[in-house]
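What follows is one structure encoded as structure tokens, with my remarks underneath.
The values are calculated or read from the model by the stated rules, or taken from the named source; none is laboratory data. All of these numbers come straight from a predicted model, not from anything done at the bench. FYI the Cβ positions are ideal-geometry reconstructions off the backbone, even for glycines, and counts take in every protein chain you see. With ligands, DNA and RNA removed, areas are computed over all heavy atoms of the protein, side chains included. Shrake-Rupley method; radii C 1.70, N 1.55, O 1.52, S 1.80 Å.
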Amino acid sequence: QVQLVESGGGLVQAGGSLKLSCAASGRTFGSYAMAWFRQVPGQVREFVSGISWNGGNTRYTDSVKGRFTISKDNNKSTLYLQMNSLGPDDTAVYYCAASKGYYSGNYSYEYPYWGQGTQVTVSS
């Protein structure tokens, strides 16, 4: 089992950048595929980006391609999301999620482990 804690959210102006972190407990972080999701109140939790257990395979939802970068440091048991060129539509609570195995998909039900979320607010 793994426990996840996100950090790095905050208020930023449009066009700015933030880097989210997700610290994981346990010594088997390297055996988990990871992902970032985001959710706006009243809306479905949306897939943002995913990464395989060794970081060799990454994918992004179309709206963040070229702006966001996911990475994973297995030595530090930490997942990251570098977010650049932020816009008001990126405002949401961002969650990291984990699933044991090399790769997981883009659906929230595929991830049994979740952090508590970190708020990202982008002002126009």
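Each residue in region 72-104 was checked for being among the charged types (D, E, K, R) and farther than 13 Å from Ser21 by Cα, and 3 of them qualify.
Within region 112-124, the residues that satisfy the criterion of being over 12 Å from the mean Cα position of the chain (by Cα) and hydroxyl-bearing (Ser, Thr, Tyr) are Tyr113, Thr121, Ser123, Ser124. Looking across region 9-57, the residues that are in contact with a helix residue (DSSP H, G or I) (Cβ under 8 Å, 6 or more places away or on another chain), open to solvent by 50 Å² or more (accessible area, probe 1.4 Å) and either farther than 16 Å from Pro112 by Cβ or β-branched (Val, Ile, Thr) (or both) come down to Ala14, Asn54. Modelled with pLDDT of 95 or more, within 15 Å of Ile51 (Cα to Cα) and surrounded by 15 or more Cβ atoms within 10 Å (Cβ to Cβ): does that describe Tyr94? Taking the combined requirement at face value, the residue does not satisfy it. The sole residue among Lys100, Lys76 that is over 30 Å from Ser123 (Cα atoms), among the basic types (Lys, Arg) and touching a residue at least 60 places away in the same chain (Cβ under 8 Å) is Lys100. The one condition from (1) open to solvent by 20 Å² or more (accessible area, probe 1.4 Å); (2) assigned to a loop (DSSP other than H, G, I, E, B); (3) touching a helix residue (DSSP H, G or I) at 6+ places or on another chain (Cβ under 9 Å) that Val2 does not meet is (1). Check region 58-67 and report whether any residue there is modelled with pLDDT of 95 or more, part of a loop (DSSP other than H, G, I, E, B) and either touching a Phe, Trp or Tyr at 6+ places or on another chain (Cβ under 8 Å) or at positive phi (or both). For region 58-67, residues modelled with pLDDT of 95 or more, part of a loop (DSSP other than H, G, I, E, B) and either touching a Phe, Trp or Tyr at 6+ places or on another chain (Cβ under 8 Å) or at positive phi (or both): present.
Identify, from the list Gly55, Gly16, Gly42, the residue that is within 14 Å of the chain's Cα centre (by Cα) and in a loop (DSSP other than H, G, I, E, B).
Just one listed residue meets the conditions, Gly55.
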